[in-house]
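Enquirer: I have a structure here, written as structure tokens, and I will follow up with some questions on it.
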Amino acid sequence: MKTIALVCVLATAVFFSTLMAYGNQPGARPLDSLGYALLAAAVLGLTWWRRRPEAALAVSVGAAAVIFTLGYAIALWPVPALIAVFTAVAAGRRAAGWA
């Protein structure tokens, strides 16, 4: 139940913060279907944060890196990646977390 709550709250925060941030960052790329899919991937990667922290880390950080590279508005989309890094390091997988 905690995982579902985490994903739902983060999805709401990430999507709405990115939509609002675009209004204040005129040079940013507008959200399109690829942007929405990448935001969803960044958040949904956390569904494995307890059982498979490496998978959560790879999906969330990979999606966040692509979002940043493509120039979407900077908002709360790095938060799932930071949670995944912390979870991997706290679970004893320090090499994966620091990589």
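The values are calculated or read from the model by the stated rules, or taken from the named source; none is laboratory data. For clarity, every value in this text was computed on a predicted model and none was experimentally measured. Counting neighbours? That spans all protein chains shown, and the Cβs are built from the backbone with ideal geometry, glycine included. The protein model used for the area step is the full one, side chains on, heavy atoms only, and it has no ligands, DNA or RNA in it. Shrake-Rupley method; radii C 1.70, N 1.55, O 1.52, S 1.80 Å.
Enquirer: Once you charge only the Cβ atoms, +1 for Lys and Arg and -1 for Asp and Glu, what is the size of the charge dipole of the chain about its Cα centre, to the nearest 20 debye?
Expert: 380
Enquirer: In whole Hz, what ³J(HN,Hα) sequence does region 17-25 give by Karplus (6.51, -1.76, 1.60; θ = phi - 60°), x for Gly and Pro?
Expert: 5, 5, 5, 6, 5, 4, x, 9, 10
Enquirer: Same structure again: What order do ARG29, ARG51 take when sorted by accessible area (1.4 Å probe), most exposed first? Write down the numbers at each step before the final one.
Expert: Working: ARG29 80, ARG51 180 Å².
Listed by decreasing accessible area, they come as ARG51, ARG29.
Enquirer: Please give the per residue accessible area of the chain, computed with a probe of 1.4 Å over protein heavy atoms only, in Å².
Expert: Numbers: 5710 Å² over 99 residues.
I get 58 Å² per residue for this part.
Enquirer: With a 1.4 Å probe and every protein chain kept in, tell me what percent of the accessible surface of the chain is carbon plus sulfur. Don't skip to the answer; put the middle values down first.
Expert: Working: 4140 of 5710 Å².
Result for the chain: 72 percent of the exposed heavy-atom area is carbon or sulfur.
Enquirer: Also: Who wins for biggest fluctuation among GLY27, GLY35, GLY45 in a Gaussian network model of the chain, springs between alpha carbons below 10 Å?
Expert: Between GLY27, GLY35, GLY45, it is GLY27 that shows the largest mean-square fluctuation.
Enquirer: Report, in deg cm²/dmol and to the nearest 500, the calculated mean residue ellipticity at 222 nm for the chain, where each DSSP H run with n ≥ 4 adds -39500 (n - 2.57) and the sum is divided by the residue count.
Expert: Rounded to the nearest 500, the figure is -23000 deg cm²/dmol.
Enquirer: Describe numerically, in nm with one decimal, the distance between label points set 7 Å from Cα along Cα→Cβ at THR12 and at GLN25.
Expert: 2.3
Enquirer: Determine Rg/Rh for the chain; Rg is computed over alpha-carbon atoms and Rh is the Kirkwood hydrodynamic estimate from the same atoms. Don't skip to the answer; put the middle values down first.
Expert: Details: Rg = 13.3 Å, Rh = 13.4 Å.
For the chain, the value is 0.99.
Enquirer: With springs only between Cα atoms under 10 Å apart, run a GNM on the chain and tell me which of THR18, THR87, THR69 wobbles the most.
Expert: Of THR18, THR87, THR69, the Gaussian network model singles out THR69 as fluctuating most.
Enquirer: Who wins for biggest fluctuation among LEU38, LEU46, LEU82 in a Gaussian network model of the chain, springs between alpha carbons below 10 Å?
Expert: LEU82
Enquirer: On a full-extension model of 0.36 nm per residue, what is the gain between ALA40 and MET1, subtracting their alpha-carbon distance, rounded to one decimal in nm? Intermediate results must be reported in sequence, preceding the final value.
Expert: Working: separation 39, 0.36 × 39 = 14.04 nm, distance 1.90 nm.
The ALA40-MET1 span can extend by a further 12.1 nm.
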